[in-house]
1. Considering Cα pairs under 8 angstrom that are at least six residues apart, work out the relative contact order of the range 7-153 and quote it in whole percent.
2. Roll a 1.4 angstrom probe over the protein heavy atoms and tell me the percent of accessible area of the range 109-202 that is carbon or sulfur.
3. Remind me, relative contact order of the range 23-97 in percent, using alpha carbon pairs under 8 angstrom and six or more residues apart?
4. Tell me which residues come under 5 Å, amide H to amide H, from VAL114 once H is placed; ignore anything under 5 positions away on its chain.
5. Show me, for the range 36-52, the HN-Hα J-couplings you get by feeding each phi into the Karplus relation (A = 6.51, B = -1.76, C = 1.60, θ = phi - 60°), rounded to Hz, glycine and proline as x.
6. If you take the alpha carbon radius of gyration of the range 51-99 and divide it by 2.2 N^0.38 Å, what ratio comes out, to two decimals?
7. Determine, at each q value in 0.21 (inverse angstroms), the log₁₀ of I(q)/I(0) that the Debye formula gives when each Cα of the range 85-209 is one equal point scatterer.
8. Hey, what's the range 147-200 come to in accessible area per residue, 1.4 Å probe, Å²?
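The values are calculated or read from the model by the stated rules, or taken from the named source; none is laboratory data. Bear in mind the structure is a predicted one, so any value in this text is a computation, not a measurement. Every residue, glycine as well, gets a Cβ built from its backbone with ideal geometry; the counts of neighbours run over all protein chains shown. Calculation scope for accessible area: heavy atoms of the full protein, side chains included, ligands and nucleic acids excluded. Shrake-Rupley method; radii C 1.70, N 1.55, O 1.52, S 1.80 Å.
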Amino acid sequence: MDPSTSTEKKKAIAIITIGMAGAGKSTFVQRINSYLHSQDPPSPPYILNLDPAVTHVPFEANIDIRDTVNYAEVMKQYNLGPNGGILTALNLFTTKFDQVLGLVEKRAETVDYVILDTPGQIEIFTWSASGAIITDAVASSIPTVVAYIIDTPRTTAPATFMSNMLYACSILYKTKLPFILVFNKTDVQPHDFALEWMQDFEQFQAALASHNGSTDSEGEPTYMNSLMNSMSLVLDEFYTNIKAVGVSSMTGDGIKEFFDAVEGEYLPDLERARALRAKTLQDAKADSMDRLMKDLDIDRAKNPQGALADRWDPNEDRDGDDDGDDGDINIVDQNEDRWPSQYIDVTRARRHEDEEINWPRPG
Ligand SMILES: Nc1nc2c(ncn2[C@@H]2O[C@H](COP(=O)(O)OP(=O)(O)OP(=O)(O)O)[C@@H](O)[C@H]2O)c(=O)[nH]1
């Protein structure tokens, strides 16, 4: 069947929340979750937590990476630090993402929104093969937007603001998905300044100059000042195609406007983007899977002990198929199935039927 026409029954929109550590992603997901529950009729979303290291999620995730990958065990077995552990845990989880997608696709027919909360360290999701695989898989299956969460009180300095916008621009370029800038924490710092800077780059350049000083001791424009002025012109182009909303995940202010931005502006574009993506997915999937397996090979080469303990043969599953030979690892929807699910066994320890299993779910 033509993949671009295979989703007629689906009506859900996926929202991938991405943002710097502490920007408020989890609080935002909690807030939009409670907003959707409070609609008449209630419209509970389908939520995926992709952060293996989070100790507490303030919402009930339907699929939680922590139920499948034991992050602490991955760190131990692969001799990794916290960030390497999160990346490897995400890589391992991604090898099972076809199962996750199966569950998502099933539920996408009955829910309005599928929401993904990503790891706190932004680069682990946005610059990894597994982040690309997950994004591609979801976006080719259902219409998808990226909600880029910004810590507004920490973005008031012009240079920081511009750095954050350049990062957002790079994520837009990498994901090529409809994009909403979500200025969070407006209860602490209103986002008007950001909108002004986005609408009028001359105001932004003036703010930059007053912050940094526009000329050196000889009256010449400083290198940084010229560079920033040029970059603000580049960003001007970025802003023309981007929606920006201000929200307070704490009070709920602006959440309705966020959903207006998702639904009103983007729905037809979203469907077009999804159809386009579905057509090119096969090539991209093979390429991303290859890179993912290379990532895992690097982990294994760095730590042969961990590789020995890994339950998978390094050459196994290169095609990305779930061909049933790893059928003992099942991703579960917590709301439908028995909890806990089964951890990916990074220790190769064989379990016996009568063995008591502890599931040290963090938090
Ligand atoms: N005042 C205020 N604080 C907020 C808001 N949203 C989040 N916070 C606070 O910001 C901090 C970080 O929020 P989280 O939701 O944990 O942020 P996160 O991006 O998920 O964090 P990591 O996953 O650790 O990167 C917490 O102390 C929140 O209470 C908001 O709208 N207003």
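1. Averaging sequence separation for qualifying contacts and normalising by length gives 45 percent for the range 7-153.
2. The C+S portion of the solvent-accessible surface of the range 109-202 is 54 percent.
3. Value for the range 23-97: 24 percent.
4. ILE13, ALA14, ILE15, TYR46
5. Per-residue couplings from phi come out as 5, 5, 8, 5, 10, x, x, 10, x, x, 9, 10, 10, 9, 9, 9, x Hz.
6. Against the compact-globule rule of thumb, the ratio is 1.12.
7. The Cα Debye sum returns log10 ratios of -1.22.
8. In whole numbers, the range 147-200 has 40 Å² accessible per residue.
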